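Taken together, the values in this text are just the output of simple stated rules run on the coordinates, not laboratory data. Note that the structure is predicted; figures quoted are calculated from it, not measured. Heads up, the Cβs are rebuilt from the backbone with ideal geometry, glycines too, and the neighbour counts pull from every protein chain shown.
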Amino acid sequence: MLDSLRGAVDPLESRHESDPAAPTDLKTQIIRFFLTGVLSAVVDYGLLQLLMLTGMGYGPAKALSFVAGTLTAYALNRRWTFQAEPSRARFIATMCLYAVMFGVQWGLFMLLVPWFESMGWTMFWSTTVGYVIAQGVEAGGHVRGTLPLTELVPAVVEVADRAGVAVVAAGGIGTAADVRAALALGAHAVRIGTRFVATDESDAHERYVERLAAADADDTVLTEAFEVSWPNAPHRVLASCVAAAADAAPGPVAYVDEATGSTPLDRYGTRPPTRWTRGDIDAMAMYAGQGVGAVRGRVPVAALIAELMAELVGGAAT
Ligand SMILES: Cc1cc2nc3c(=O)[nH]c(=O)nc-3n(C[C@H](O)[C@H](O)[C@H](O)COP(=O)(O)O)c2cc1C
């Protein structure tokens, strides 16, 4: 039974056994593994959409497309990527792993699709696009947005609603009150950046976190100053670091210590200061959004989320 199954997924087996290919190097294997993953995803997704077009229910369609995608990946990886010799033990182990993956993926699919549909999403969009992010000009870091969230979110929601796609608002959201305001504009979720820079789990330099904790919305500026290796890309940072970089001498402002040695960091470089950076930290890109006033110091991520959730679910004023 297993042999006939393996034969089904591996029609070239006999040729392989009599003519083993030379082992490929690691780089080639990584590239082939990646290409195989892409092709398998195309097979899985393409077949899913095709089967649903023929009127098949999404449960059976997803099951069939998963099996087709998985067998494609197995056959290609064994024959082409790793050029492995046939092994019954490995085949059984791989199929067990795929069975677990199938359970997780199919289960999630069966749970999420009815939920997406209940929100009015069309089947095509609910199986294709998860959400779009509407980034307002208030955001920290690199900013594509040019409008404030108050204008941007309703406009994006109007278009996205027609396609049945959720909208995630980002930019200047620091408190539960900000979250509520974004949801009131029509967003389905929010994305928060700057506040998570000041967490225990973040690698931000301590001085960067101290500067964030002392800052308010008015202390941020939208600039193109930190442009080395990424020109013409507007970004919002603390105004203090733009001034400090202007005062710094040309050449490297800092160094980052890595396993391979010490790397100099150019003045006006895009890299923010991390725990491994030393030098003129104040003159480095300290990305910060207009919600920075909510940062009071470094906290664990769990505490930050608990704080936001308590205020949101409890309805406390912020
Ligand atoms: C430290 C930091 C680095 C960021 N880097 C990028 C980036 O490289 N590319 C990008 O498109 N956005 C970047 N962003 C923007 C975020 O994707 C997100 O839109 C933003 O953080 C949301 O606004 P908020 O920081 O006010 O919460 C960065 C933000 C921060 C805080």
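Thr199's amide H: which non-local residues (gap 5+, or another chain) put their own amide H closer than 5 Å, with H modeled 1.01 Å from N in plane and none for Pro or chain starts?
Val299
To test your reading of the geometry: what angle, between 0 and 90 degrees and rounded to tens, separates the Cα axis of helix 26-53 from the longest principal axis of the chain?
So the inclination is approximately 80 degrees.
How tilted is helix 149-163 with respect to the longest principal axis of the chain? Cα atoms for both, answer in degrees (0 to 90, nearest 10).
20
In deg cm²/dmol, rounded to 500, what helix-only [θ] at 222 nm does the chain give when every DSSP H run of at least 4 residues adds -39500 (n - 2.57) and the total is split over its residues?
-15500 deg cm²/dmol
I need the phi-derived Karplus couplings for the stretch 281-289: 6.51 cos²θ - 1.76 cosθ + 1.60, θ = phi - 60°, integer Hz, Gly and Pro marked x.
4, 4, 8, 9, 5, 9, 5, 7, x
Among DSSP bridges having both ends in the chain, what percentage is antiparallel? Round to the nearest 5.
65
Which angle from 0 to 90°, rounded to the nearest 10, does the C-alpha axis of helix 301-314 make with the longest principal axis of the chain?
80
Which Cα, out of Pro148, Val113, Leu222, lies furthest along the positive dipole direction of the chain (beta carbon charges, K/R +1, D/E -1)?
Most positive-ward Cα: Val113.
Would you mind putting 89-102, 279-292 in packing order, based on average other-beta-carbon counts within 10 Å, highest first?
Highest-to-lowest ranking by the protection proxy: 279-292, 89-102.
Taking 10 °C and 1.306 mPa s as the conditions, I'd like the Stokes-Einstein D for the chain in µm²/s, using the Kirkwood hydrodynamic radius from alpha carbon pairs.
67
By count of other Cβ within 10 Å, fewest leading, how are Ser118, Ser202 ordered?
Taking fewest neighbouring Cβ atoms as first place, the list is Ser118, Ser202.
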